[in-house]
Structures are given as C-alpha cells and as structure tokens.
1. Using only the alpha carbons of segment 43-83, what is the convex hull's orientation-averaged projected area in square nanometres?
2. Rolling a 1.4 angstrom probe over the protein chains, ignoring ligands and nucleic acids, what is the accessible area of Met1051 in square angstrom, nearest 10?
3. Which pairs, out of Lys648/Lys744; Lys724/Lys744; Lys334/Lys392; Lys212/Lys316; Lys697/Lys737; Lys439/Lys509, put more than 20 Å between their alpha-carbon atoms?
4. Using a 1.4 Å probe, what is the accessible area per residue for segment 180-330, in Å²?
5. With a 1.4 Å probe and all protein chains left in place, how much accessible area per residue does segment 46-100 have, in Å²?
6. Please work out the Cα convex hull volume for segment 711-840 and give it in Å³ per residue.
7. Once neighbouring chains are kept in place and the probe is 1.4 Å, which whole percent of the accessible area of segment 323-421 is contributed by carbon and sulfur?
8. Tally up the carbon and sulfur contribution to the accessible surface of segment 649-738 as a whole percent, 1.4 Å probe, everything protein left in place.
Amino acid sequence: MRFWLRNEEMALEEMVQRLNAVSKNTDEIMHQDIVPLCAADIQEQLKKRFAYLSGGRGQDGSPVITFPDYPAFSEIPDKEFQNVMTYLTSIPSLQDAGIGFILVIDRRQDKWTSVKASVLRIAASFPANLQLVLVLRPTGFFQRTLSDIAFKFNRDDFKMKVPVMMLGSVPELHGYIDKSQLTEDLGGTLDYCHSRWLCHRTAIESFALMVKQTAQMLQTFGTELAETELPNDVQSTSLVLSVHTEKKAKAKEDLQLALKEGNSILESLREPLAESTSHSVNQDQLDNQATVQRLLAQLNETEAAFDEFWAKHQQKLEQCLQLRHFEQGFREVKTTLDSMSQKIAAFTDVGNSLAHVQHLLKDLTSFEEKSSVAVDRARALSLEGQQLIENKHYAVDSIHPKCEELQHLCDHFASEITRRRALLSKSLELHSLLEMSMKWCDEGIFLLASQPVDKCQSQDGAEAALQEIEKFLETGAENKIQELNKIYKEYECILNQDLLEHVQKVFQKQESTEEMFHRRQASLKKLAAKQTRPVQPVAPRPEALTKSPSPSPGSWRSSENSSSEGSALRRGPYRRAKSEMSETRQGRSSSTGDEEENLAILRRHVMNELLDTERAYVEELLCVLEGYAAEMDNPLMAHLISTGLQNKKSILFGNMEEIYHFHNRIFLRELESCIDCPELVGRCFLERMEEFQIYEKYCQNKPRSESLWRQFSDCPFFQECQKKLDHKLSLDSYLLKPVQRITKYQLLLKEMLKYSKNCEGAEDLQEALSSILGILKAVNDSMHLIAITGYDGNLSDLGKLLMQGSFSVWTDHKKGHTKVKELARFKPMQRHLFLHEKAVLFCKKREENGEGYEKAPSYSYKQSLNMTAVGITENVKGDAKKFEIWYNAREEVYIIQAPTPEIKAAWVNEIRKVLTSQLQACREASQHRALEQSHSLPLPAPSSTSPTKGSTRNVKKLEDRKTDPLSLEGYVSSSLPKPPEKGKGWSKTSHSLEAPEEDGGWSSAEELINSSDAEEDGGVGSKKLAPGKYTVVMGDEKEGPDTLAMRSGDMVEVVEEGSEGLWYVRDLTSSKEGWVPASSLSTLLGKSSSAQCLSSSDSSPGSAVLSNSSSCSEGCPTPFSELQG
C-alpha cells in the first residue's frame, strides 16, 4: 500500500513537472517570458498601421519594419507607439532580432519637418537593435531641396548608433533591400495583408494561451485526482471511478478541441501555399507555422503526460475497486462460513435410533451440499486474491492474510464435516448393533411365544422345541452385544447419557431374553429327560400363522408406507400368539403363569409398535417442517414458489409445528417411560388429553390446506423439496399423517386393553380409549360444523355440539294450511340435524364436489329450535326408527326418521339428557326463589275442598318451601278419601300404550297430554295427571298411616283422582296402595327414566306434564333467546 502511494506521488510529480515545462516552453515560444504583450492587448493600436512587420528581410536576414506614410504619426501617443514598437520587435526570433532591425520610413508625401520629427522619435524610443534606417524623403522639389540642405546642416541631430540613409527614390531603396522583401507600396513583390497578419497573430497567441491553460487545467485535475481519498466500500469506489472517468473524458474533450484549434490555425497558415505552389512564403509566415507546430508539440506533450498519469490513477482506482469487491466478498463468505461452523458445532445430536441416525447422516449430506456453494465461493475468492497478488496489486499486505484466513476457514469446515460424519458413522454402527440385538430379542420372544405348549409335553415335542431354542441361541453370537465394557470403550466418543441408558436397556433386555431362553431350555430338558404322562392334545383352530418375526421395536420407518406395513407385521404375531395361547390353555392344567407371561409379551409387542410408530411419526413431521415449511422462508428457494403460494405457509401446514413439538418434547418421552410397564400407558393419554385437542384445529384447517395443495401441487418448489428429501410420495401424503395418527391411537389402545384385562392400568386404558374416541367424534363433528353456511349468529353461543347426523323429516304445523299439512305427511325432507346444548339446527346437505377433503359436504342453514321450548315423543307407532320433536306446545311438530333404531335411541337419549338437565336447573332456580320468599309469605292451611288453580299454586309454594321436597308430611288431609274398589278406575279417560294411534301416528295419550288445550289450563288436576303406569324417579321413604311411601325405581299405577288434590296410587313393586298429593306426585314422577314425552315447553314454573307413557316436561322461568336466524 505504501509502495503504491509512493508510486502515485511520483507519477503526480512527474506529470506536474512535464506540464510546468509545457507552460514554460509556451511562454518561450511566444516570447511571453520577455515581453508579456499580446496582439489582443494592443489590437486597436496595431490596426492603425503606422508601423508593421511585413516579414521582409535584409540581405543579412535582418527583419524589416516599415513605417508607411501616416499623416497623423506625430499625434500617436508615446505609450501606444512604445507598445507597438515593443510588440513588433518581439515577434521575430531571438536570432533574427539579434542581427538588428532595418527601418524603412516612407515620408515621400510628407514635409521635412515631419520627417525630422519622425526620425528623431523613432531613434529615441526604438526598443531593439537597429542595423540601418532608410528614409524616403519628400518627393516635392522644394521639400526635397530643403531636406538635402537641412540634413547636411542638421546631421549632428541625427547622430544614432546606426547610419540613417536619406533616399530620394524607391530604386535607391532597392539598392539596400531586395524588391522581393518589400511590399508593393514600396515597389516590391512581397505579399502582405495587414488585417490577415493581425488575424493570424491573434489566433496564434490565443492558441498558445489555450495550450498553456490546458496544461495548467490538467495539472490541477491530476492533483485533485491524486489527493482523492479512496472509499471503503464497493459502491462508493465505483462512484469515484465513474466520476473520475467522466471528468477525464471531459478533460480529453477540451484537449482535443485545443489540438483541433491548433491544426486549424496551421492549415490557415499553409493555405496560400496550398492554393498556389508558386506563391512565395516570407520568413514571418514560416516563423508563424513553426510557432504553431511547436505549440502543437507542447500540447501533445501535455496529453502524453496526463495520459500516463491517468493510466496509473485509473489502475489505482480499478485495483481499489477490486480490493473492495474482494473485501466485501470476504466479509460475506466469512459470515456464511462462521454461521455454518456454528451450525455444525451445535449439531451434536448422535441419534436415538438407527433410522434417526440415518436421517441425521442424510441431513448432514444435505447440509454439506448446501454449504458447498459457500465453500466453493470461499475457495474461488481465495484464488481471486492470489491472482490480485500476482498482478502486483497495491494492497498485497491486506489481501494475503485474508486469503490465508479463507483457506483456513474452508479447511476447518471440511474437517468439522468429516469429524461429524465420523461420529454419525460410529453412531450408525452402534445403533445397528443395538438394532440387531433388539431384533434378536424380539425374534426370540416370538419364538418362545409361538412354541405350542401341548406339543412340548411329549418327549419328541420337547426335544424339537429344545433344538429350536439351541439353534436360535447359536445365532446370538452374530447378533448379540458380547461385552458391554468393550462397547463403552469403542463408542465412548458418542455415548451421551440417553444413548448410554439405551445401550444399558438393550443389554438388559438381551440378558432377560437369554434368561427366559435358559429357563425354557431347562424346562424342556426336564421334559425331554423324563417320561411324561400323555396329555390329550387339543387341536388348534385353523388360523393363518405369520412366520416372519416382528420387526425390531427400535427401528424407524424411512419409507412412507412403513407405518402401515409395520402395523401389519406386528399384528400377525399378536394374533398368532394369542391363538396359540388360547389353544394352550385347553391343554394345560397349570398354565396361568405362562399365560400371564405370554400376555406380557403381547403387551410389549403392542408397546413396541406404539413407540416405533410414534418415533416414525415424529420423524416424518420433522421432515415436512424442515424440508418443506422452513424452505418456504429460504430466499434461495423464493424463485421456485408461485405467487399465489407466497405467505400461505400457515394455511398449507396448519398447526403441524405445534403438533410436532407436543409429540417430540412431551408425548414421545412419556411413552418411552412406560416401556417397562406397557399396561400403564393409558395414563399418558389421560394426562395429555387436553393437548390432543390441537388435532381438532389441524383437521378443521385440512380442507383449506387440501384446496391450496390441489391448486399448486405442480409447483417447482414442491418438486425440488421432494427431490432433496428423496421422498417417494408427495407432500399431500405427509400432510395426511396427523389425521392418520390420531385414528391409529384408538386401534393400539384397543389392542393393549385386550391383553391387559386383569392388569393395574386396565381402567385407565378403557378411559383413555373412550377419551380418544371422544376426541375423534369431536373432530368429526367439528368438520361438519364448520361446513354450515347461512347461519347469521355465532355457533359457539349455542353451546357444545352433542350430536349431528342426517335424517328424513316430516313437518306438521297447527297454524299451517290444511293441504300443506297433508302434503307434509307424505313427502319427507332430507335434513342434517345439529344438536347443541341450547338449540337444534336443521340444515340441508349440499352435493359434494372436488376430491379428497374438498369432497367434504356443506350444509345450508334452514332453521333452529330453542331447546327451552322443545319437547319429544320417543316412539311413533308404525316405525321403530321415528320419533317426534315438537315446538311451542305442538304448534310445530317434526317427525324425525333415523337411519337405524340405534341412531334414534342415541339421539332420544341425548335430547332427554338436555331436557332433564334444563328441568332440574329450572326446579333449582324455582326453589331458590321460593326460599328467598319463605320469610315473608304465610303458610296456607290445607283445604278440605276440591283443589282449584289457586290451591294448586299454594300447594306448590308449600312444597317449594320444604327443606325436603320429597316429604309428604303436612300435605295430606286428616280425613283421606277411601281407596277405589278393585278393578275400578278411570274407565273413560285412562289410556295405555297399546291404544290405537290417531291423527297421523300420534297416540291418544300423547294427544291428550301434548295438545294445546291440555297446556293452556295450567293446573295440576286431571288435565295434568292421567291414570296409567309410571316409574318413580325420586323416592320418598316416609310413610304415614294413610300415605304411601315410594322408592326410586318402583313401578306404580295412578288409579284415580280423589278430592282435595289427592291421587290414589298403587305401588306395583311392593303391592301397597295409598293417597299421594298431586304436587308431590308430579315431583316424584317428573324425571321418569322410561318417559316417552319430555318437554320444557311453556308450562308454569314447577308444574309437571305427565302422560301414561311416563312423559314429563317443565318450563324454564327464563326463556332462552331466540335462535332462529
């Protein structure tokens, strides 16, 4: 760097010296160093032509200055005269001027007095050497005679250093100066034009000034360039180079203009000779041409000096730009290499299974391939720096260390990759050993479980089984871990705590397996050595036995179909072992221990499959997140992503990252903790049941994800990612994995539960299975719920979704047109019903379009029914699949036909639960209000007359104020009516379930109870209770002398109504009879489990609606907000 600065200083100094010489030479050429006077300065004086330099020469080469006849000569100011004389004498060369000038004074038309004055003035103020003064005296006779006489007498006045010759005629002048050197006015032939001479002189002097100014401008410009501080970044350096180049181009343009001007002047000077070859050129014209040529030479020298300086300056700027590019590339590459080194340093995972290590190696290879671009660039940059050094760059001391650092970083990164690959290779080798050992153990366990016990009872069978075991044990030499200490020592570099524990567990499993074999071997040897009692063998059931052993529980699936294939391989041994164990139980009298052992083996198989598939699942999620989702944010892949796919990562992948973190960080580890106690795995599911709700969010987003995938499945981005991951299946197969996984759990839990009936965790397994099935149902329901369109309200306000399904629906409305009612009975509508806690929605299912998740149906909202005003009739005569939902006291009736009786039963039970919960809530609210009023309201005395509406309300209030609502004390009159006679009752008003139905399938009992007439009365008398059979749902154990005590679950028959609001009731369970107040009877029977009609319609709070089929309904005091939108 310092060397270059010295070189630049030397180049600038050399250019300055050369350009100073040009300026000096220009002044010398133009004699500006002696007489700094130009024609332009005295142009007006020169135009007066009282003296001129014609270019003529004397015989010895003396320049001739002519003073033509100028009448006003005496009037010329001395300053002007002196300037003109000085300028004219400065034009000839120093050599010619040194000889001396010849003055020709033409005074032929003047007077002697003027001649004398002119000669004396010239002699007194002529600034140069004089050789001869020739005076053409006046031509008039008188003046000529006078001049002769006067000259003789005044000779002393003309004493000069040179002789003064008085000539009387022009021919005499020719005797001193040749005619070719004299102008035409003096009888000569010399071609002279004063204006042309003046123009040439002005142009030459102007060009000389241009040459001098150009040299000075380039000198200043060069100094400015040399003093410019070099920038520290590429952009600024490029800008400086561009600006300097532009300025240099402008300077060169000015230089070319000066050259063009000089050549133009030279051509102008040569023009007379070019027009006529016979034209003679005087010495002054030749001197002018020589002057211009010398000036052009100086101008060329100026250009050469500047070009040499610019070449060095430009080289410096270009090298500076190269240096800045190199430094910028160095910083970028160093940052990238440092980042990669940090990543490889943080990449310490050695894997927890064979498949995991293989994936890590694959990732390492992929990382190395991606990093190779940066490494190659670093090496190329280092070579570029070496090339700069070889080209003698001025910053060698800065470039060389950077090249060495780049080489060091590349070598270090390569060594880290090599070291990392060596560790993973070691890990792969260790996991291969562990995998072989675990596979050997699994095959051994399978062999032990598959040996038929009945055949082993004979000597031949025992020997055959013994040979199988011995043959299998021989394979252990190749597949077992031989020495644990040797493993520790050989793989010490990769043995972290987790891997160490894994090795120990595998070794313990290996020892346990060997111990099982040794025990079985000892037992078989005893059986083979002694004569055993023949045992009646039981022929096994024909069943296809799977010969291939179960895969190793530690193996991970690397292919996309491995989960399903692995499941098939594992289920075969379970079924086979289970079948053989069933056969064995029949042939052995003391096989309980072996049976438990076999069940434990099967549980371990199921647990192994659960763990293997869980690990594979986590690995597949990680592949998708790293290989696809993360790459969508990679700037290097941005050009492959379609415009419509940008910023759509959350739609395409949903909450897959959340699912991955849950399984990888939490659930997988908890499952691994249960590997020794598989039957306790149910607790893992139960403790994390809330976290499994994340699958509902993923499944709800799946249709949007599927739609986006269908639209952009051919995007080059997906193809490139699939190629990098070496996946056989496309992304959509992996996006389906979470859906497949959540459904897989219930199958595995069923298998585990099957083999854990009498184990400690059986109840947890059953509960976990139920919870997982509940989640699947919730996920399925939510998928349908999000497909509802046209509902104006918020579906979340309707409470939890309880049921959903498709039904045929008939409608019948009291207020509708007769024809509409008739048509409605014969023409069903297809509706999809959504049962919520607070409303039931009727929707129309639309056609399914598209493929995959896009085929999910949509539902158009039609209407909704508020559950506070809904009632049901459980059975409709003629079809076991039908039931009724009626609204506002049967003002609107909907006959619902389910696909199967089972679906109908499920819906009826769920609706009953909703209505009874509402009924209970209303009762509790009513009792709470009554309790608040108990301190201010008097207790009415029981009336002995027949009950009225008012008395019924009083009885109800009394009932509400009781602390024990089931107690009948205090509500029965002291003189009770006699019980009815046997066989007597309500002959006209009693109804049974077998009574024929009327009015389109509704029973008369239902018509009696559910009609608007029955409900408008609002009392508790005969219009509310009807004779019939009921089931007691709330027991009252208190029994008076004449009152009847009833227990929950008793079947009772309401016989007839008596006086004072009492009913005569016969308990069919205990065969007892007695009177019961109507209000208490409604409470006791209000929640009958065998109810066919339940309603929470518009009846008054606390009142009950009963039918002979044990129906009840009770209104809610606070109506639910209107839901129909």
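The values are calculated or read from the model by the stated rules, or taken from the named source; none is laboratory data. Computed from a predicted structure; not experimentally measured. When we count neighbours, we look across all protein chains shown, and the Cβ atoms used for this are built from the backbone with ideal geometry, even at glycine. Accessible surface is based on the protein model in full, side chains and every heavy atom, while ligands, DNA and RNA are left aside. Shrake-Rupley method; radii C 1.70, N 1.55, O 1.52, S 1.80 Å.
1. On the way: hull surface 13.7 nm².
Averaging across all directions leaves 3.4 nm² for the Cα convex hull.
2. 80
3. Lys648/Lys744; Lys724/Lys744; Lys334/Lys392; Lys212/Lys316
4. Heavy-atom SASA per residue in segment 180-330 reads 48 Å².
5. Per-residue accessible area for segment 46-100 comes out at 39 Å².
6. In segment 711-840, the Cα hull volume divided by residue count equals 253 Å³.
7. Reported share for carbon and sulfur atoms: 54 percent.
8. On segment 649-738, the fraction of accessible area on carbon and sulfur atoms equals 44 percent.
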